[in-house]
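One structure is given here, and the rest of the page talks about it.
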Amino acid sequence: MPRTKKQFEEIRNNRIALIERTAMECFASKGFHGTSINFIAKKAGISAGLTYNYFPSKDDLLTSIYLKGMNRIFDPVGQLKTINEKDFRAFIDHVFTEMERNIQFWKLYFIVMSQPDIFAKYQEHIMKAIAPLIVKMSSYFRKKGISEPETETRLLFSMLDGICMNYLIDSEHYPLNKVRKKILKRYEQ
């Protein structure tokens, strides 16, 4: 029996997910420059031609992975007009959950951030994803009476980056849940 349009779409989505998952692992372990499309395809158990069918270049593949990862992190507050206490708590909980669930993405995130030639390609995407959150979070801090709310927002994001980096270095011993609670306590005042 011939496949339906829905079945073809499911196959397509599964292949894209396989390629992205494999590429993320390869980029995270070998670096962007040290990973070729051929290597990704071989690790995924598919042909390089099929990989190119879905992603015309390694840059396109990295862009897809990176943007989906960033969206996954910021989506919980992206749809909100403003942030309240409950939203803030949910956002912090979500970020910490993402740290635990998607270690490969966070490795890739720091690889991108630490390589100027790669970061330059994604800086606009990153700022586009973060800018609305900076505005919303600054407004939240302003309503809470925190002086210099934009600076406080950037401090929070810097702390989250640092926490994530430390968790990646020693995920077995890092007290992630205790640190999450301290972050929440700091801003619940």
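The values are calculated or read from the model by the stated rules, or taken from the named source; none is laboratory data. Keep in mind that what you see is a predicted model, and the values were worked out from it rather than measured. All accessible areas refer to the heavy atoms of the entire protein, side chains included, with ligands and DNA or RNA removed. Shrake-Rupley method; radii C 1.70, N 1.55, O 1.52, S 1.80 Å.
Straight-line cross-link reach from Lys42 at under 17 Å between alpha-carbon atoms covers these aspartates and glutamates, not counting any fewer than eight positions away in the same chain: Glu20, Glu25. Measuring nothing but how far apart in sequence close Cα pairs (under 8 Å, 6+ apart) lie, relative to its length, segment 116-189 scores a relative contact order of 16 percent.
Overall dimensions of segment 2-105, expressed as equivalent-ellipsoid semi-axes from the Cα gyration tensor (√(5λ), whole Å, largest first), are 30, 19, 11.
Please compute one quarter of the surface area of the Cα convex hull for the chain and express it in square nanometres.
13.2
Comparing Ile65, Ile103, Ile146 in a Gaussian network model of the chain (Cα springs below 10 Å), the most mobile by mean-square fluctuation is Ile146.
When you restrict to C-alpha pairs under 8 Å that are six or more residues apart and normalise by the size of the chain, the relative contact order lands at 20 percent. Roll a 1.4 angstrom probe over the protein heavy atoms and tell me the percent of accessible area of the chain that is carbon or sulfur. Summing carbon and sulfur atoms, their accessible area is 53 percent of the total for the chain.
GNM remark for the chain: springs join alpha carbons under 10 Å apart, and the peak mean-square fluctuation among Glu100, Glu172, Glu124 falls on Glu172.
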